[in-house]
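Undergrad: Okay, handing you the structure first.
The values are calculated or read from the model by the stated rules, or taken from the named source; none is laboratory data. Predicted model, so just to flag it, every value in this text is computed and none were measured. FYI the Cβ positions are ideal-geometry reconstructions off the backbone, even for glycines, and counts take in every protein chain you see.
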Amino acid sequence: MKDRNILIWNSLVFILLSVLIAGFQTSFWPSILRVLSGANLWLFLTVYICIYRNFDQGLIFVYLNTMAVHAFTSLPIGILLSLQIIVLIMCNFLRSRIFWNTASYYLIISIASIVLMEVSFMLLSYFFENSPAQSFAWKETLITIVLTPALGFLFYSLGRFVDSLLPPPQIGATKT
């Protein structure tokens, strides 16, 4: 019972952080970098949860995060949910093959998730939207990849801090 309560509080803190980050992205990002649309900063927390939680916990987080972040993005909710599930599946697949409990591993997976999310968005948009996306967002993707080492390390540290305050029952590559 205690482990479940800690996991619930841990997940709620991550959802709250995701909402705060998405709010920052939509309100302050245009003031900082006027030329580019906002990077998907909430994706960093999704990647963290997908790497350091089992698949079931990651799936619940993805659903809750989709509902929380949807208000801050122009993506249709079905595409947003699909993108996050694709990232969850990729993270779990890579974690089952190769896993290092380090910040560099998190950064590598974050970069792979950014690229996968952009490519998946183009494909999902083409197949499921009435007016699909016309071009790949090269500038936004490259800017996000360039910012990943700084922002990714910040979000990794933030995730580790939350996990130290409210340790989840299981963290790592396999279920115990």
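Undergrad: Quick test of your reading of the structure: LEU88 fulfils all but one of (1) among the hydrophobic types (A, V, I, L, M, F, W, C); (2) farther than 21 Å from LEU151 by Cα; (3) surrounded by 15 or more Cβ atoms within 10 Å (Cβ to Cβ). Name the failing condition by number.
TA: (2)
Undergrad: Here's a follow-up. Just need a number here: residues in the stretch 126-155 that are more than 19 Å from the chain's Cα centre (by Cα) and in contact (Cβ under 8 Å) with a residue 24 or more places away in the chain.
TA: Qualifying residue count for the region: 3.
Undergrad: Could you give every pair whose Cβ atoms fall below 6 Å, whose first residue belongs to the stretch 1-21 and is farther than 16 Å from THR66 by Cβ, and whose second residue is at pLDDT 90 or above, counting only separations of at least 6 or pairs across chains?
TA: Within 6 Å, the pairs are VAL13/VAL162.
Undergrad: For the stretch 48-72, name all the residues that are over 16 Å from PRO168 (Cα atoms) and modelled with pLDDT of 90 or more.
TA: Listed by number, the residues that qualify are VAL62, TYR63, LEU64, ASN65, THR66, MET67, ALA68, VAL69, HIS70.
Undergrad: Next question, about the same structure. Check ILE98 against each of (1) of a type in the set (Val, Ile, Thr); (2) touching a residue at least 24 places away in the same chain (Cβ under 8 Å); (3) loosely packed, with under 12 Cβ neighbours inside 10 Å and name the one condition it does not meet.
TA: (2)
Undergrad: When you look at SER164, is it among the small types (Gly, Ala, Ser), loosely packed, with under 14 Cβ neighbours inside 10 Å and modelled with pLDDT of 75 or more, yes or no?
TA: yes
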